[in-house]
Every structure is written in C-alpha cells, then in structure tokens.
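The structure appears below as structure tokens.
The values are calculated or read from the model by the stated rules, or taken from the named source; none is laboratory data. This is a predicted model, so every value here is computed, not measured. Ideal geometry is used to build each Cβ from the backbone, glycine not excepted, and the neighbour counts take in all protein chains shown. Side chains are part of the model used for accessible areas, which takes the heavy atoms of the whole protein and leaves out ligands, DNA and RNA. Shrake-Rupley method; radii C 1.70, N 1.55, O 1.52, S 1.80 Å.
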Amino acid sequence: MKRSALWILIAVLVLVALPSVAFPQGVTLRMLMEDVPETHIIKALLPEFERKTGVKVQFEIVQYMDMHAKLVPQLLAATSQYDVLEVDNYWAGEFPAAGWLEPLDGYVARDKFDLKVYLPSMLDMVGYYQGKLYMIPMYNYAMGLIYRTDLMKDPKLNELYQKQYGKPLRVPTSVEEYVQVCEFMRKNAGLSGSAMQGARGDPIVMEWSNYLFSMGGDYYDAKWNARINDAKGIRATELYIKNLLENAPKGATAFNLDDAFRVMSQGQAWSMISYWWMLPQLNDPKKSKVVGKVALAPMPGGIGLNGGWGWAIPKNSTHKKEAWEFIKWVESREIVKRRALQGHAPTRTDAFNDPDVLKKYPYYKEALEIIARAKHVPEFQFSAQMIEVTGRELSLAAAKQKTIKQALDDAARELNDLARKANLKK
Amino acid sequence: MRGAATTGHTAGVYAARRGKPLATPGTMFVTPTIITLAFVVALPLAYSFVISFSRFTFLTPRVDQFVGLENYLKALADRYFWNSFYVTVKYVILVVGVEFLLGFLIALLLYGDLRFKGVYYAILTIPMVMSPVGVGLIWKMLLHPGLGVVNYVLSRLGIQEVNWLGSPAMAFWSLLLVDVWQQISFMILVLMAGLVSLPKEPFEAAEIDGASFLQQLWYVTIPLLKPVALIAVLIRTIMAFRTYDLVYVMTRGGPGVSTDIISYYIYRTTFMGLDLAQASAVSYLLLAVVLVLIAILFSVILKQEAA
C-alpha cells in the first residue's frame with residue numbers, strides 16, 4: 001500500500017516536472033495568434049518556412065478577447081513563452097512604453113530590410129513608437145463606407161432625393177450628407193440607413209471615431225490636452241447619436257460588428273461604416289443576400305479610422321534571431337503577395353498595386369486610398385483605457401443618461417488624467 | 001535507485017510500527033494537493049492582498065511602494081464603482097430570488113407523479129453544462145431585435161417588438177432572463193435531491209392527520225428542506241456575484257452603465273486600466289461583502305442544525 005503510494009507520488013512529480021525538461025531539438029518559435037482568416041492563411045504557409053530554415057513555428061490560436069490577458073503575464077515574466085508577437089494598434093503604445101518590445105532599428109539596418117514599401121500611415125501606427133521602430137506592419141483594418149449600389153441607381157429614389165434636397169443622390173462626401181442620405185433611405189427605401197455598431201466599449205468608439213476624424217475632431221491636441229469635447233467633437237457626436245438612434249436598426253445601441261453585419265448582409269440597411277475587407281464578406285453568397293450590390297468608398301468626410309496589427313519581438317524572448325528571420329520571411333514580397341491573393345489585408349504598397357492582386361480584388365484600389373488617408377487613435381500606455389472611458393461616456397449619451405456635452409466633458413476630464421499619468425501632457 | 005526507494009519505504013513502515021509514523025499514506029496522498037493548492041490558491045490570494053496596498057500596475061510591476069488604503073478609498077470615491085455595486089447587488093438578489101422560487105416550483109412538480117421524468121432531467125441539465133459564452137452568443141442572436149426568433153414570435157402573436165439589449169431599461173432584465181434560463185437547472189436539481197432524500201414518515205403522519213397539500217408543504221416540506229435550500233441559495237449567491245461572461249458577451253456593461261456588473265468593472269480595471277493594485281482592492285471589497293453574506297447564511301444553517 002505504502003509502496004504503491006510512494007510510486008504514485010514519484011510518478012506525479014515526474015509528470016509535473018516533465019514539461020520543464022524540454023526535449024532538446026531544433027528551435028521552435030511560439031506565437032499567440034488571433035483566430036481570424038489571416039492567421040490560417042499564414043499557418044498554411046508555415047511548412048515552407050520550416051523547410052527553409054529548419055525552425056519550427058507553433059501557433060497558439062485564440063479569440064481576440066483572450067489575447068491581451070494572455071500576453072501581459074508572459075511579457076512581465078523573465079522569459080516569454082512567445083517569441084514573435086502580433087501587436088494590435090491598441091497595444092502599440094502600451095507594449096513599447098512598458099519596455100516589453102525589442103527595438104528593430106538595428107535588425108532593419110543590418111539586413112537592409114526595406115521599410116519604404118510600407119504605407120506611411122501603417123508605419124506610423126504599428127511601426128514606430130516615439131521615434132523608434134518596434135513593429136513591422138502586418139495587417140490592416142481601416143474603416144470606410146460600404147453602401148448599396150442598387151439603391152443608389154434606383155430611379156425613383158434618385159428622383160425623390162432630387163425633389164427633397166434639390167441635388168442629385170450621390171455617394172456622400174461629408175458626415176452631414178451621410179446622415180442625411182441615411183435618413184432619406186430609412187424614410188423612403190424601407191430599410192435602415194446605416195447598420196451601426198453602438199455597443200459599449202470598442203464597437204461604439206471605433207465607429208464614432210470615423211465621424212470625429214472626418215469632422216476634423218480628435219482625441220487630443222498636439223500638447224496632449226483632451227479635445228473630444230470641443231465644438232467639432234460635439235457636432236460629430238450629435239450626428240453620430242442622431243444616426244444611431246434614428247437611422248440605425250432598432251437595438252443598434254447594443255450591436256457589435258457581427259450584429260451590424262447580419263443586418264447589412266440580410267439587405268436590411270443601406271450602408272455600414274466598417275472595415276474595408278467586409279466587402280468580400282458581403283459579396284459571399286454563403287453569407288450575404290446583397291452579393292454584387294455593394295461597393296466601397298472612403299469615409300464621408302475623407303478620414304476614416306485606421307487600425308492594424310504589427311509583428312514584434314518580445315524583449316524577453318530566447319529566440320530573437322529566429323524570430324527576426326520569421327518576420328523577414330512572412331513580410332517578404334513573395335509571401336505578402338501570396339497572402340494577399342488569399343484575401344489578406346496587406347500593409348505593403350507593392351501588394352496593393354500588384355497586377356495579379358488587383359485583378360482578383362479590384363476594390364484594393366479604393367482600399368489603398370482609404371488606408372492612406374486613415375488616422376489611428378492616439379497610441380500611448382493607456383490607449384485601451386482611453387477607449388474604455390470614451391465608450392462608456394458615448395454609450396451613456398446614446399442611452400440618454402447624460403447629455404452629449406456632459407458625456408464628452410466627463411470623458412475629456414478622464415482623458416486628461418490618463419495623459420497626465422503617462423507624463424505626456426506638455 | 002530502486003534499492004534506495006525500497007529501503008526508505010521499509011524504514012518508514014518500521015517507524016510507523018514503532019508508533020512514530022513518518023508519513024502515513026494519507027498525508028502522502030494529500031501532500032501534492034496541499035502544495036498545489038498553496039501555490040495556485042493561497043499564494044495568489046495573499047499576493048493580491050499585498051498588491052492592493054501598493055501602486056502595482058502592469059507597466060510598473062512593483063510592490064515596494066506601500067500606499068495604505070489609497071486604492072480602497074479611490075474605489076469608494078468612484079461613482080461608477082458604486083453604480084457597479086448597486087447593479088451587482090440588484091442582480092444577485094433578483095437572479096437568486098427568481099431562480100429559487102421558480103426552481104422550487106419546478107422541483108415540486110417534478111417530484112410528483114410524472115411521466116418521462118428522465119427526459120426532463122436530461123433537458124434540464126443541458127443549459128447547465130453549456131459554457132456561458134456560448135449561451136450569451138446564442139441568446140444574443142435569439143434576441144436580435146430585427147432578425148431574432150424571439151421578436152419574430154412576438155410579432156406573430158401581435159405583440160410589439162422588444163428592444164431587448166439596446167434599451168438601458170430592458171438590457172438588465174434580458175440579462176437576468178438568460179441567466180435564469182441557464183442556471184435554474186442547478187437550483188431545481190439540488191432542491192430535487194433534497195426532496196427525494198426527505199424522510200417519508202412525517203408526510204405519512206401528516207396525511208393521517210388530514211393535512212392538505214398546502215399544509216404539508218408549509219409545515220412539513222419547507223421546514224425539512226430548509227438546510228438544503230439554504231445551501232442551494234448560498235452556492236448560487238456566490239456564483240451570481242461572479243457573473244461576468246454573459247455581461248461581456250451580451251452587453252459589455254451597457255447601454256450606458258445599466259449592466260455594468262462589478263466583476264466586469266474589475267476586469268476593465270485590470271486589463272484596460274492595467275491597474276492591478278486598484279483591481280485587487282475592488283476584488284477584496286467584493287470579497288468582504290460576499291464573506292459577510294456567507295457568514296450570515298452559515299450562521300442560519302448552523303442554527304437550523306443545532307435546533
């Protein structure tokens with residue numbers, strides 16, 4: 001009895017200790033990746049990298065909402081379990097500010113890695129932080145306008161619009177005009193004007209930022225004083241909330257991207273302000289009833305919200321050399337083109353201008369324009385908190401629990417606190 | 001190696017025979033568990049308690065700066081903390097109350113003579129074993145105002161469509177509805193188990209004395225079932241205080257702050273505010289409230305047993 005107990009104890013201890021005594025083999029790069037098509041496109045190409053370099057790559061694929069919580073403890077530890085990171089632009093200020101990322105300037109200079117092929121707006125967002133290069137742009141999710149072309153061509157609607165507004169119906173070029181067309185479509189086309197995503201948190205903030213930037217507003221001024229409550233911010237928010245409460249589907253104050261997509265794909269809305277790569281989703285007969293009836297345009301007013309991911313190497317990785325080799329490979333012209341041909345959202349201009357890519361995806365022309373003009377949210381240690389605070393206040397205003405002015409003033413006060421806490425205020 | 005182990009083992013046995021047990025099999029079996037628990041439960045608990053008195057954030061992960069009660073006072077001065085506290089208490093009382101009353105009713109129905117009992121049990125256990133995230137996603141689709149089944153059925157019945165999650169007044173109740181749907185089985189099954197294990201004699205005696213069904217229920221069933229019911233309420237209360245997944249998936253605390261439950265508040269403070277010290281302080285405030293509630297419930301249970 002006792003003897004077997006002892007053996008069980010030994011067996012348990014051995015099993016517990018086993019993973020730490022890694023079997024000596026070639027280098028394996030571990031990466032935490034988001035469960036999106038992009039990740040699976042790259043995963044399918046990995047055997048080529050492994051054959052070329054002898055370095056194995058292991059993807060741990062999780063949902064977005066789990067990523068930050070999984071990454072931070074690893075980055076705080078003495079050594080990280082992950083050797084290459086994909087960094088969302090929400091964290092593009094936090095990670096370098098915390099000193100968790102390896103600066104890449106040296107690697108780029110040594111290997112003459114060409115940064116000129118990248119869109120400047122992408123390098124600015126998920127490349128440099130305070131003048132130092134920490135990330136290589138990987139993926140883009142800038143936002144633009146997706147609208148129904150069939151309704152824009154409808155003679156009756158055109159005639160009615162001309163009669164009501166004394167001008168022809170066209171793709172709107174300002175936020176005011178956009179809200180006007182949304183209202184017109186709701187009243188006359190028997191559907192919602194805009195499939196909006198007004199859920200508290202990042203959905204409402206992402207969508208509202210398009211209105212804010214296109215109206216000439218911003219989160220902070222050059223000296224990091226909050227300015228979301230200035231006249232432009234208030235006007236943008238008034239238009240946003242008017243659209244959300246009047247011209248969006250019922251319940252849009254709780255919608256996220258999926259909910260909004262369902263409405264749009266079922267043909268129940270004239271437009272949506274969304275990621276440019278939602279267009280192929282809406283043209284997929286398996287998912288959508290509006291195939292061939294949708295088109296992409298820049299955000300009315302010109303400046304949409306930019307978003308994206310960058311590749312980075314954690315400072316506490318034990319395989320930095322191999323990690324850089326991986327980044328070089330995955331961002332090489334050939335691999336980027338092959339990723340793009342499978343529907344990846346590139347960050348390199350040569351991929352956007354490639355004849356083969358353009359032949360397959362003609363709308364990459366508009367996408368390039370959208371990305372080039374897009375603007376990202378301020379990047380600093382507390383970007384995520386800034387978005388949280390703004391989202392809470394916008395949601396309070398949309399729920400009519402606060403006036404727009406009061407909500408924006410409250411948000412501005414907290415945004416100023418965050419800038420002060422990050423020592424950015426000048 | 002083998003020889004050494006055998007020798008050690010024999011020595012242990014002899015020691016035990018002489019009345020000085022070095023390590024009984026019992027201790028040996030529980031030692032790994034105790035060590036593991038100390039590492040994964042006790043240590044983090046103690047560590048987070050220390051952190052709650054420091055300026056520890058993810059950006060400056062240091063505990064050497066003692067700030068006293070600063071984090072606790074900061075939480076108590078935050079109106080959104082009090083909003084979350086209010087929402088949570090309201091939520092816990094209502095969700096546990098509704099589940100208990102409905103659960104008790106269903107348990108009584110199932111306890112009676114009923115055909116296909118096995119089928120009902122099977123159906124009842126399904127929501128309980130589903131992941132709350134899955135439940136949240138499914139219900140979010142069902143409650144979709146324009147495309148969801150629930151509003152479709154209502155419109156067919158001539159009832160106006162309901163803005164389930166988009167209106168601040170309604171979102172709280174929608175969340176409650178989904179939670180009750182998922183967790184009520186727990187209440188039913190525990191209460192059923194309680195009912196089944198009740199002694200038959202008092203019921204027979206009551207019947208001979210001519211007690212009606214309601215009299216039996218009030219004077220026999222409920223008093224006998226009290227300890228089990230209290231345990232069920234206790235466990236569900238603790239679980240309800242920790243509700244997080246449903247809120248995250250369905251409302252993100254909104255619209256406005258109408259469903260901003262405290263565990264979601266703590267999550268945001270940790271992973272968006274990066275302020276682990278503040279989040280730990282709020283967690284300990286929550287723990288204090290839950291502990292007081294548990295203490296009250298336990299004292300009631302123990303009093304019952306003593307009586």
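Need the failing condition index for A:H344 against (1) assigned to a loop (DSSP other than H, G, I, E, B); (2) closer than 25 Å to A:G131 by Cα; (3) of a type outside the set (G, A, S); (4) touching an Asp or Glu at 6+ places or on another chain (Cβ under 7 Å), just the number.
(2) is the only condition that A:H344 fails.
Given the residues A:R235, A:R262, which is the only one that is surrounded by fewer than 24 Cβ atoms within 10 Å (Cβ to Cβ), among the basic types (K, R), outside any loop (DSSP other than H, G, I, E, B) and within 11 Å of chain B (Cβ to nearest Cβ)?
When all the criteria are applied, what remains is A:R262.
To keep it simple, each residue is scored yes or no on (1) at pLDDT below 95; (2) open to solvent by 80 Å² or more (accessible area, probe 1.4 Å).
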{"site": "A:K132", "(1), (2)": "no, yes"}
{"site": "A:I136", "(1), (2)": "no, no"}
{"site": "A:Y141", "(1), (2)": "yes, no"}
{"site": "A:D150", "(1), (2)": "no, no"}
{"site": "A:K153", "(1), (2)": "no, yes"}
{"site": "A:N158", "(1), (2)": "no, no"}
{"site": "A:V171", "(1), (2)": "no, no"}
{"site": "A:E176", "(1), (2)": "no, yes"}
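Could you look through segment A:376-391, keep only residues that are crowded, with 21+ Cβ neighbours inside 10 Å and away from every other protein chain (no Cβ under 13 Å), and pick out the one that is farthest from A:K421 (Cα to Cα)?
A:H376
Could you grab the pairs with beta carbons closer than 6 Å, sequence gap of 6+ or different chains, first residue in segment A:51-74 and part of a strand (DSSP E or B), second one open to solvent by 40 Å² or more (accessible area, probe 1.4 Å)?
If the second residue must be open to solvent by 40 Å² or more (accessible area, probe 1.4 Å), the pairs left are A:K56/A:E50; A:Q58/A:R30; A:F59/A:K43; A:I61/A:D35.
Just to verify a result, which residue in segment A:47-79, among those that are of a type in the set (G, A, S) and within 14 Å of chain B (Cβ to nearest Cβ), is surrounded by the fewest Cβ atoms within 10 Å (Cβ to Cβ)?
Applying the filter and picking the extreme gives A:A78.
Got a sec? Which of B:V247, B:V233 is within 21 Å of B:Q183 (Cβ to Cβ) and open to solvent by less than 20 Å² (accessible area, probe 1.4 Å)?
Residue meeting the stated conditions: B:V247.
Which of the helices (runs of 4 or more DSSP H) contained wholly in segment A:363-426 include at least 3 residues that are at pLDDT below 95?
A:364-373, A:383-398
In segment A:89-104, which residue that is farther than 19 Å from A:M386 by Cβ and away from chain B (no Cβ under 12 Å) is surrounded by the fewest Cβ atoms within 10 Å (Cβ to Cβ)?
Checking each candidate, the answer is A:P103.
Can we say A:P249 is touching a Ser or Thr at 6+ places or on another chain (Cβ under 6 Å), over 22 Å from A:I303 (Cα atoms) and outside any strand (DSSP E or B)?
For A:P249, the condition - touching a Ser or Thr at 6+ places or on another chain (Cβ under 6 Å), over 22 Å from A:I303 (Cα atoms) and outside any strand (DSSP E or B) - is met.
For segment A:181-218, what are the residues that are surrounded by fewer than 19 Cβ atoms within 10 Å (Cβ to Cβ), outside any loop (DSSP other than H, G, I, E, B) and touching a helix residue (DSSP H, G or I) at 6+ places or on another chain (Cβ under 7 Å)?
Result: A:E183, A:N188.
Just to check your reading of the model, which residue among A:E34, A:E86 is more than 14 Å from chain B (Cβ to nearest Cβ) and at pLDDT 95 or above?
Going through A:E34, A:E86 in turn, the sole match is A:E86.
Give the residue, chosen from A:A226, A:A254, A:A199, that is touching a residue at least 24 places away in the same chain (Cβ under 8 Å) and under 26 Å from A:K425 (Cβ atoms).
A:A226
Tell me which residues, restricted to segment A:314-341, are closer than 26 Å to A:P355 by Cα, open to solvent by 10 Å² or more (accessible area, probe 1.4 Å) and in a helix (DSSP H, G or I).
A:K328, A:W329, A:R333, A:E334, A:K337, A:R338, A:L341
Which condition number does A:I303 fail, the rest of (1) open to solvent by 50 Å² or more (accessible area, probe 1.4 Å); (2) assigned to a helix (DSSP H, G or I) being met?
The number of the failed condition is (2).
Which ones in segment B:221-273 are within 14 Å of chain A (Cβ to nearest Cβ), modelled with pLDDT of 90 or more and not in a helix (DSSP H, G or I)?
Across segment B:221-273, the qualifying residues are B:Y244, B:T251, B:R252, B:G253, B:P255, B:G256, B:V257, B:S258, B:T259, B:D260, B:I261.
Per-residue answers, yes or no, for (1) over 30 Å from A:A97 (Cα atoms); (2) of a type in the set (A, V, I, L, M, F, W, C); (3) in contact with a Ser or Thr (Cβ under 6 Å, 6 or more places away or on another chain); (4) open to solvent by 50 Å² or more (accessible area, probe 1.4 Å):
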residue	(1), (2), (3), (4)
B:V50	no, yes, no, yes
B:L59	no, yes, no, no
B:E70	no, no, no, yes
B:K74	no, no, no, yes
B:Y80	no, no, no, no
B:F85	yes, yes, no, yes
B:G103	yes, no, no, no
B:L110	yes, yes, no, no
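This table checks each residue for (1) over 22 Å from B:V95 (Cα atoms); (2) aliphatic (A, V, I, L, M); (3) within 8 Å of chain A (Cβ to nearest Cβ); (4) without any contact (Cβ under 8 Å) to a residue 60 or more places away in the chain.
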site	(1), (2), (3), (4)
B:L137	no, yes, no, no
B:L142	no, yes, no, yes
B:V150	no, yes, no, yes
B:N163	no, no, yes, yes
B:S167	no, no, yes, no
B:L176	no, yes, no, no
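From B:W181, B:W218, grab the single residue that is open to solvent by 20 Å² or more (accessible area, probe 1.4 Å), away from chain A (no Cβ under 14 Å) and under 30 Å from A:S395 (Cβ atoms).
After applying the criteria, what remains is B:W181.
Out of all the residues in segment B:158-171, is one or more in a helix (DSSP H, G or I) and open to solvent by 80 Å² or more (accessible area, probe 1.4 Å)?
For segment B:158-171, residues in a helix (DSSP H, G or I) and open to solvent by 80 Å² or more (accessible area, probe 1.4 Å): absent.
Residues in segment B:112-145 that are open to solvent by 60 Å² or more (accessible area, probe 1.4 Å) and either under 22 Å from the mean Cα position of the chain (by Cα) or among the hydroxyl-bearing types (S, T, Y) (or both): how many?
Of the residues in segment B:112-145, 9 are open to solvent by 60 Å² or more (accessible area, probe 1.4 Å) and either under 22 Å from the mean Cα position of the chain (by Cα) or among the hydroxyl-bearing types (S, T, Y) (or both).
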